[in-house]
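The values are calculated or read from the model by the stated rules, or taken from the named source; none is laboratory data. What you are looking at is a predicted structure, and each value in this text was computed from that prediction instead of being measured. Glycine also receives a Cβ, built like all others from the backbone with ideal geometry; neighbour counts cover every protein chain displayed.
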Amino acid sequence: MLGVSETGELYAWGENSSGQLGNGTYTSSNVPQLVPTLSNIKTAATSENSSVAVTTTGDLYVWGNNSQGQLGTGNGAVINFPFLNPNINNVDTVAGGRDHYVFLRNDGTVWTVGDNSAGQLGQGFVSDSILSPVQVAGLSNIISVGAGEYHSFAISNTNELYVWGNNGSGQLGLGDLNNRLVPTLASLDNVANAQGGAAHSIFLTTDNKVYTSGNNSFGQLGTGNTTDTLNPVLVDVPSAASISAGQYTSLILRSDASVFAFGNNMEQQLSTLPISVPTPTHLSNVDGVTFIEASAFSSHFLYGEEQACASAAVTVTVNVTPVVTVSENNGVLTANPVPAVPGATYQWYLNGNPIVAPNPTDPSITITAGGEYSVEVITTDGCTGTASYTSTLDIEDISSNDVYLFPNPAQEVVTIKFGTASSTEITITDQTGRVVFVETFTENEAKLNVESLATGVYNVIVTNENQQNTLRFVKSQK
């Protein structure tokens, strides 16, 4: 899928097996990606697994599958990045079939390239493919072009419709099943737009009426049945503003910004409608649309600021996902969501493993080991914000120069053993340097009650006549 921004940038997303996303890779993407090196894009089109883009100066860039020469580069080489086609210029717009393209130049002439197995290039003969763009004889003053999988259209400045290519199901609307190898004037008058699917066509006239012809196996003609038609038939959707044909589906955008759909819905390309929809049906969940595009297995809609006339007002509540940071103070981590989220729950993790906290609504937790701490802040509306903090603290039962401290972390009592019995001063400070405990011991072991200390990391300074050692321990929650 391709999309052109208001500033002339081109975005691509979807399947990329032939490099049709134009980003230099063959990796598919389910989000729009900016096509590099391109700017000032006016319009773009796709065929099966290939892409083309036209700039405001009429240059044509091509990339993707080239098995039928549809890129018009003179060979069949696959290209996974935008390539400036030197074989055609002054291009105004383009339409893509299955493996062929129809180009309209600014001088009103029509050019085609690619697969010609059904005469869809309009050259008067059938061939496997044509590798460089060729002019379609007999057409001038053309203002619009279109394409189905194996058939093509051109519309003149007097709104005359010319058709050619495959007509095995009557999709050319000429009253028979004979293919046309050159442009043939159709009987339908005042045509403003023509689009094609696999074997059906949909036409929009200047008086905002819609006609269809061709294959109707899935109801894609919108006639209420599944009978093919060889001549264009009127579709009962008035005030049409735009049309689009998928492989076996059809879409109509009305002037009130509502969308009507009919045809195949096996892949839910027509939203929640039944599998086969032979009658034009309003897609009530996509009102307010300004652009429609049907493809083989999906449909795409662009929404504008205006709402459809028939749409009811809708109140939308947007729940804000909090932005979370983590702060550390005295060995205690605290999640700080912005904005504040009363009633939120906090799930902490250490190296990806959940930490079972005694109070899930407490935003703080004590560091108990070095590693990657992360937190999920879950609001009462179900929105989740995340943040992480890396601790370099290496906490375990520790020793230093014959001084031992255990257990670590400790909840109630911490034991400190010295190498020899002597007068030893033990000082405990928090991470700000504030002294929270000091006492002198004459035995070679001290048991300290730390139950009253706040949770956090503490320094233990052990001083005797021979040496001074500093250790750390964690006071954990009980």
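How about region 271-296: which of its residues are part of a loop (DSSP other than H, G, I, E, B), closer than 20 Å to Leu221 by Cα and touching a Gly at 6+ places or on another chain (Cβ under 8 Å)?
Residues of region 271-296 that are part of a loop (DSSP other than H, G, I, E, B), as a first pass: 271-275, 283, 287-288, 295-296.
Now drop any that are not closer than 20 Å to Leu221 by Cα, which leaves 271-275, 283, 295-296.
Scanning region 271-296 gives Ser295, Ala296.
Looking at Asp107, is it out of contact with any Asp or Glu (no Cβ under 8 Å at 6 or more places or on another chain), acidic (Asp, Glu) and under 23 Å from Glu9 (Cα atoms)?
Here the answer is no, as Asp107 does not meet what is asked.
List every residue pair whose Cβ atoms sit under 6 Å apart, with the two residues 6 or more apart in sequence or on different chains, where the first one lies in region 143-170 and is over 18 Å from Phe103 (Cβ atoms) and at pLDDT 95 or above and the second, anywhere, is outside any loop (DSSP other than H, G, I, E, B) and of a type in the set (D, E, K, R).
Here the result reads none, with nothing in region 143-170 linked to a residue that is outside any loop (DSSP other than H, G, I, E, B) and of a type in the set (D, E, K, R).
Could you grab me the full set of residues in region 430-458 that are acidic (Asp, Glu) and either within 54 Å of the chain's Cα centre (by Cα) or in a strand (DSSP E or B) (or both)? Quick ask: steps written out before the conclusion?
Start the filter on region 430-458 by keeping residues that are acidic (Asp, Glu), which leaves 430, 439, 443, 445, 451.
Matches in region 430-458: Asp430, Glu439, Glu445, Glu451.
Hey, could you check region 29-57 for residues that are within 12 Å of Thr93 (Cα to Cα) and of a type in the set (A, V, I, L, M, F, W, C) and say which is surrounded by the most Cβ atoms within 10 Å (Cβ to Cβ)?
Applying the filter and picking the extreme gives Val52.
Quick one: how many residues across region 429-478 are within 18 Å of Ile367 (Cα to Cα), out of contact with any Leu (no Cβ under 9 Å at 6 or more places or on another chain), of a type in the set (Val, Ile, Thr) and surrounded by 11 or more Cβ atoms within 10 Å (Cβ to Cβ)?
Looking only at that region, the number is 3.
Name the strands (runs of 3 or more DSSP E) wholly inside region 122-204 in which the number of residues that are of a type in the set (S, T, N, Q) is 1 or more. Reasoning before the result, please.
Values: elements: 127-135, 142-147, 151-156, 161-165, 180-185, 191-196.
In region 122-204, 127-135, 142-147, 151-156, 180-185, 191-196 are the strands (runs of 3 or more DSSP E) which contain 1 or more residues that are of a type in the set (S, T, N, Q).
Has region 245-265 got at least one residue that is touching a His at 6+ places or on another chain (Cβ under 8 Å), surrounded by 22 or more Cβ atoms within 10 Å (Cβ to Cβ), of a type in the set (Ser, Thr, Tyr) and under 23 Å from Ala154 (Cβ atoms)?
Within region 245-265, one or more residues are touching a His at 6+ places or on another chain (Cβ under 8 Å), surrounded by 22 or more Cβ atoms within 10 Å (Cβ to Cβ), of a type in the set (Ser, Thr, Tyr) and under 23 Å from Ala154 (Cβ atoms).
So Trp63 ticks every box in (1) farther than 25 Å from Ile130 by Cα; (2) surrounded by 15 or more Cβ atoms within 10 Å (Cβ to Cβ) but one. Which box is left unticked?
(1)
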